[in-house]
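Enquirer: First, the structure itself, so that you have it in front of you.
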Amino acid sequence: EPEVTQTPSHQVTQMGQEVILRCVPISNHLYFYWYRQILGQKVEFLVSFYNNEISEKSEIFDDQFSVERPDGSNFTLKIRSTKLEDSAMYFCASSAGLAGNNEQFFGPGTRLTVL
Amino acid sequence: AQSVTQPDIHITVSEGASLELRCNYSYGATPYLFWYVQSPGQGLQLLLKYFSGDTLVQGIKGFEAEFKRSQSSFNLRKPSVHWSDAAEYFCAVGAYAGNMLTFGGGTRLMVKP
């Protein structure tokens, strides 16, 4: 069964450093998403991407964040200058974008620790 | 904008007992509704979903949920809980294909032997 994959599974970085989190969505899906979950809290939407551009973003997704689909398979989230409060689990998801269906398939997550 | 409330932060049930986890949503039209389960340190696994049609939906692991438009609810149920069901459960709502999902705060389920 096709699945969303994410790398790395755990990333440790120093405050102020740039990090890139990588995702490979399911191959025929059209929508891609990033969510985050701070330890012990709920899952929060960051951004969605469709047709090579951002389709929605939350207030969390400020200028420190960017997303890119650099090739036909990868989808990345970049945090330019990490802060302590960026420490969280980051989930990538994808969906087919079919009318009447919003099922999103989640990857296993990348745990980001900012020291 | 849509929102989701899960009123119960923690629930403890005995193994073999029935379970109901509550979820209330706010959205102007019929939403897409989901229940996900998350074991500690793990990702999100979809239990079941509602898009349209029959308001009682069956999912994996013996779970079911009922969409009640009049109560803006989508409660998750299981007739007999197993120890392996101990996890965190999240209800989520989306408005249309490609739309972001909005998650509730989660309910942590503990199962007593």
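Read-outs throughout are calculated quantities, based only on the coordinates presented, and are distinct from any laboratory measurement. Everything numeric here is computed off the predicted structure, so don't read it as measured data. As a convention, Cβ positions derive from the backbone with ideal geometry for all residues, glycine included, and neighbour counts pool all protein chains shown.
Enquirer: Report whether or not A:T7 is crowded, with 18+ Cβ neighbours inside 10 Å, more than 10 Å from chain B (Cβ to nearest Cβ) and over 30 Å from B:T5 (Cα atoms).
Expert: Judged against the criteria, A:T7 is not a match.
Enquirer: I would also like to ask the following. Take segment B:1-20 and flag every residue that is part of a loop (DSSP other than H, G, I, E, B), touching a Ser or Thr at 6+ places or on another chain (Cβ under 6 Å) and exposed (fewer than 15 other Cβ atoms within 10 Å of the Cβ).
Expert: B:G16
Enquirer: Six or more apart or on different chains, Cβ atoms under 7 Å: show the pairs whose first residue is in segment B:68-95 and closer than 13 Å to B:L56 by Cα and touching a residue at least 12 places away in the same chain (Cβ under 8 Å) and whose second is small (G, A, S) and surrounded by fewer than 18 Cβ atoms within 10 Å (Cβ to Cβ).
Expert: B:K78/B:S18; B:K78/B:G62
Enquirer: Taking segment B:39-78, which residues are surrounded by 11 or more Cβ atoms within 10 Å (Cβ to Cβ) and of a type in the set (D, E)?
Expert: Correct list: B:E64, B:E66.
Enquirer: Can we say A:G97 is within 25 Å of B:S3 (Cβ to Cβ) and either touching a residue at least 60 places away in the same chain (Cβ under 8 Å) or not basic (K, R) (or both)?
Expert: So A:G97 fits the description; yes.
Enquirer: In addition: Considering only residues that are at positive phi and surrounded by 17 or more Cβ atoms within 10 Å (Cβ to Cβ), which ones fall in segment A:25-45?
Expert: If the condition is that a residue be at positive phi and surrounded by 17 or more Cβ atoms within 10 Å (Cβ to Cβ), then no residue fits.
Enquirer: Is it fair to say A:A93 is assigned to a strand (DSSP E or B), within 14 Å of another protein chain (Cβ to nearest Cβ) and of a type in the set (A, V, I, L, M, F, W, C)?
Expert: It is true that A:A93 is assigned to a strand (DSSP E or B), within 14 Å of another protein chain (Cβ to nearest Cβ) and of a type in the set (A, V, I, L, M, F, W, C).
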